[in-house]
Amino acid sequence: MRRLLPAALIFLAIGPVPGTHQRFPEIDLTERVVAHPLHFRASGNGTLRFVRGWHLTSPHSHFGGFSGIARIGPDRFQLVGDNGYWTRLTLTPDGRVRDLAIASLPTPEGRPRRKSMIDAEAMIVDPESGKTWISFEVINQVWRFDAALTQVESRYSSPALRRWPVTAGPEAMVRLPSGQTILFSENADDDPRGTEALLYDKDPAAPGSAPVLFYYDAGGKGLVSDAAVLPDGRILLVHRRLGFDPVFTTILGLVDPADIGAGKVVRSRTIGRVPKPLADNYEGAAVSVEGGRTFLWLVSDDNFNLWQRSLLLQFELVDLPPRKTPDSKKAAR
């Protein structure tokens, strides 16, 4: 019974519901994106300081639904949507979009593009090789793609991952400086200790990879929607909590990988939330370091509804709480 209200809120918030109109009644493959600047007067206080943001619009029928973001160069981004399409674009200093590409993710061995196969939810891009890892809901798998996003190099679902609910599976994924990969479920919560999460020592897309299971207790922040790694190795978790005013509240928390271990319960420390005037359905997060400053990038999922937007925001992270001393915790294992 405790899931009925959240389920109803999700249904009403992200549709489709009667009276809700989906965009693009006719297919349009025009590759054009316009970045409309957001005008928001930010305060100078707090850990999360707004820098700039845009509302991204496109006539392309498959542009939107973004659930993952990676910064792959100065003001250059790779986005992936839960419809199985990816976008690469660069934002110029004057707010124009250039070097744009929109295309579909390949499927293994030419299999048909069913929604159940291409529901992308999280993404990692290796800065050296350019290869991309994407986690998929419904099929609960991780795929590794080549740098051009034209070939599936490997795909796998560990037994622990296959047990996750088909509609609340691998929602967030990060690569630690150690090379380990962590998958956070959206709501695999059959255990009272929290939602399940998996730590992989090896490539999660490689057959035979056996992860360590641990639990994440969000402490009322909401459901995890994405994650990113800070320069000091800590994990920044993005939470989505549904309500009425606003519909979406985005709360950020920090997790120290040193707290992770088999069967352990990990909790995060709240460091801020997206201001109410910028509230939306943020499902993608990336962290960059420029000029000694640390920035958080968030992208929202418009669910291809007329009343939602594809927003791209940049925040500076300042005055973060210090990390625990190395002697206080054992390394993740």
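Bear in mind that the values in this text are calculations on the coordinates, not laboratory data. Just so you know, these numbers come straight off a predicted model, no measurement behind them. Reconstructed Cβ throughout: ideal geometry from the backbone, glycine too, with neighbour counts over all protein chains shown.
Around the Cα centre of the chain, unit charges on the Cβ atoms of Lys, Arg, Asp and Glu (plus for the first two, minus for the last two) sum to a dipole of about 520 debye. Normalising the average separation of contacting C-alpha pairs (under 8 angstrom, six or more residues apart) by the number of residues puts the relative contact order of the chain at 17 percent.
Candidates F244, W133, P170 compared by Cα position along the dipole of the chain: farthest toward the positive end lies F244, with charges placed on Cβ.
Of all DSSP-defined beta bridges confined to the chain, some 95% are antiparallel rather than parallel. Between the alpha-carbon centres of segment 266-321 and segment 60-106 there is a gap of 16 Å. Scan (1) 33, 62, 6; (2) 30, 59, 11, 0; (3) 29, 56, 15, 0 for the value of P(r) over Cα pairs in 20 Å bins from 0, in percent calculated from this model and give just the label. Read-out from the structure maps to (1).
Residue exposure proxy: S116, S209, ordered by other Cβ atoms within 10 angstrom of their Cβ from fewest to most, comes out as S116, S209. Charge dipole (Cα centre; +1 on Lys/Arg Cβ, -1 on Asp/Glu Cβ; no other charges) of segment 195-333 amounts to roughly 460 debye. Among S310, S129, the order by Cβ neighbours within 10 angstrom, fewest to most, reads S129, S310.
Think of each Lys and Arg Cβ as +1 and each Asp and Glu Cβ as -1; about the Cα centre, that makes the dipole of segment 177-268 roughly 140 debye.
Per-residue 3J(HN,Hα) values for segment 272-282, derived from phi via the Karplus relation 6.51 cos²θ - 1.76 cosθ + 1.60 with θ = phi - 60°, read x, 8, 5, x, 3, x, 9, 4, 6, 8, 7 Hz in sequence order (x marks Gly and Pro). Counting beta carbons within 10 Å around each of R71, R193, R98 and listing the fewest first gives the order R98, R193, R71.
Only helices enter this figure: runs of n ≥ 4 DSSP H residues, each worth -39500 (n - 2.57), summed and divided by the residues of the chain, yield -1000 deg cm²/dmol at 222 nm to the nearest 500. Using the Karplus relation 6.51 cos²θ - 1.76 cosθ + 1.60 with θ = phi - 60°, the per-residue 3J(HN,Hα) values for segment 188-196 come to 7, 10, 5, 8, x, 6, x, 7, 7 Hz, with x marking Gly and Pro. Put simply, the amide H of S67, placed in the peptide plane, has neighbours under 5 Å in V80, G81, D82, leaving out anything fewer than 5 places away on its chain.
Looking at T195, P207, L230, which one has the Cα that reaches farthest to the positive end of the dipole of segment 174-233 (charges on Cβ: Lys, Arg +1; Asp, Glu -1)? Toward the positive end, the furthest listed residue is L230.
Listed cross-link partners K131/K324; K202/K276; K202/K324; K115/K264; K131/K221 are compared with a 30 Å cut-off, the Cα-Cα value being larger for K131/K324; K202/K276; K115/K264; K131/K221.
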